[in-house]
Amino acid sequence: MNKKVSAALTATAALVVTAISMSPAHAASYRSCSTTGATGGVSITNWTDPGAKVGLYIDLADTKADDHHVRIRILSEQSNGKIVHWPWRKHTGGANTGDSWRTSASDDRGLFEIGVEVARFEGDKLLNSCTHWG
């Protein structure tokens, strides 16, 4: 193979790899939403493919003096379309306070989409919530 053809193939391969690695579904991203009394979100890193172990930085704030606590959880979609509801994280510090967590997630059936749900609770009764998907 001559040098020009070899160089062209190498350049094309590099462009394909770059395009795949930079696709929006796999880039670092942020999901957030707000509902009455609560706001929160998740920053997602290392989302290189559906089988990746992603880094998560979760933040949550209570925005209303109403004696209710706030919660946040991650949602994910598997290869078969099933939605996984990850465990709730709770903040009980009161109005105008918040909490944050650093964690990670992976799923043997893939992380094809990641979302967040933010809610306000009275005990274990969900009062209102919002959800944001990519």
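The values are calculated or read from the model by the stated rules, or taken from the named source; none is laboratory data. The structure displayed is predicted, hence computed values, not measured ones. Every residue, glycine as well, gets a Cβ built from its backbone with ideal geometry; the counts of neighbours run over all protein chains shown. Keep in mind that these areas ignore ligands, DNA and RNA; they rest on the heavy atoms of the full protein, side chains included. Shrake-Rupley method; radii C 1.70, N 1.55, O 1.52, S 1.80 Å.
Computed values, structure above
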quantity	calculated
Summed residue charge, Cβ within 9 Å of G94's Cβ, Lys/Arg positive, Asp/Glu negative	-2
Accessible area of segment 72-134 belonging to carbon and sulfur atoms, whole % at 1.4 Å probe	42
Paramagnetic reach from T36 (point 7 Å along Cα→Cβ, amide N under 20 Å) across segment 43-63	61-63
Estimated inter-spin distance, S29 and S106, nm [label 7 Å along Cα→Cβ]	2.1
Protein-only accessible surface order, largest first, of R89, R73, R31, R102 at 1.4 Å	R102, R89, R73, R31
Sequence-separation-based contact order of segment 35-128, relative, with Cα cut under 8 Å and 6+ spacing, percent	36
Fraction of accessible area attributable to carbon and sulfur, segment 30-70 (%, probe 1.4 Å)	47
Counted charge near A38, where neighbours are those whose Cβ lies closer than 9 Å (Asp, Glu -1; Lys, Arg +1)	+2
